[in-house]
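Comments concern the structure below.
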Amino acid sequence: MAVLRFGVLPTILVMMVGVTSAVLVGRHRAGRFTVRPRARRGQEWRPTVQHAELPTPADDPAIGYPEPSVEQFAARTPPLAHLKLEGGLRTALDGFALGRAKRIVEAPDLLSHAAADAESWPVVELAVQKTLELARGRGVGIQAEGQVGLQKALALSAARGVLLAEWRQLEDGKTVWDGPVARIRASDAFTIQRVSEATERQQLPDLFAGIARRPQDFEVRLLLPYALTTAFYLRLQGNPPNAFAA
């Protein structure tokens, strides 16, 4: 079996390529699909173009971001509630985050793009690995039948975290660190919240389909935001991306 022989994440990549190829070949043979020349690089989707459409907050203060823990998502408290942000600033940051989160969630073929990037995919793999280790350590049982779907859901969540981190680096350059604490922007915390909410709505069925045992003292849904923020944190440790530089 491919999953057992090669591992789940490589199997996901093979499945993605295989399904896409089969659909395109079928449409071509049926006369419903025409092969078009590849678009020039200037016509490809780029986060910088998407971001240019967003209103920029008048103030987006720098904040510290330590390595994430799964407990931080359990309470569902508003982002940065401990900072006592002024109401107008909070509204502006959340409005900005809604637009950015929408673009991240709707980014086309994000998992495929991450898989093709030599710097992004190892971060996705490591974030998924850490998330699975956390799950097993908390007593979550994973069933073989739904394992591919579960790991694909985690990988997509992680890829969204990677994209957000790269966006931050495109704007601010190489991440500044105070020991293990990364310096990010307040809007990133709001974006993480919004992307996490959307990811839960989309991916919880696939996540639960791969769970054989749910412990009473742990919410399985927390695996999705944990994968996202772990990938976000790990990607901040790398160099700013070159792929989307305009």
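A short reminder: the numbers here are calculations on the coordinates, not readings from a lab. It should be emphasised that the depicted structure is a prediction, and the values quoted were computed from it without experimental measurement. Neighbour counts are summed over all protein chains in view; Cβ atoms, including those assigned to glycine, are modelled from backbone coordinates with ideal geometry.
What the table below lists for this structure:
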quantity	calculated
Per-selection Kirkwood Rh - the range 194-246 (Cα, Å, 1 d.p.)	13.2
Neighbourhood net charge (12 Å Cβ-Cβ; Lys/Arg +1, Asp/Glu -1) for A198	+3
Inter-part distance where the range 174-246 and the range 58-128 are each reduced to a Cα centre, Å	7
Other-chain or far-sequence residues with amide H under 5 Å of I63's (modelled H)	I184, R185, A186
Anchor K130: lysines whose Cα lies under 19 Å away (excluding residues fewer than 8 positions away in-chain)	K152
Burial ordering of T131, T77, fewest other beta-carbon atoms within 10 Å first	T77, T131
Kirkwood Rh (inverse of mean 1/r, distinct Cα pairs), the range 45-236, angstrom	16.9
Order of I184, I142 - criterion: other Cβ atoms within 10 Å of each residue's Cβ, fewest first	I142, I184
Three principal axis lengths of the range 127-246 [C-alpha, angstrom, descending]	44, 30, 22
Ranked list, fewest to most other Cβ atoms within 10 Å of each Cβ, for D188, D60, D172	D172, D60, D188
Within the range 207-231, backbone nitrogen closer than 15 Å to the virtual label 7 Å beyond the Cα of E197 toward Cβ	225
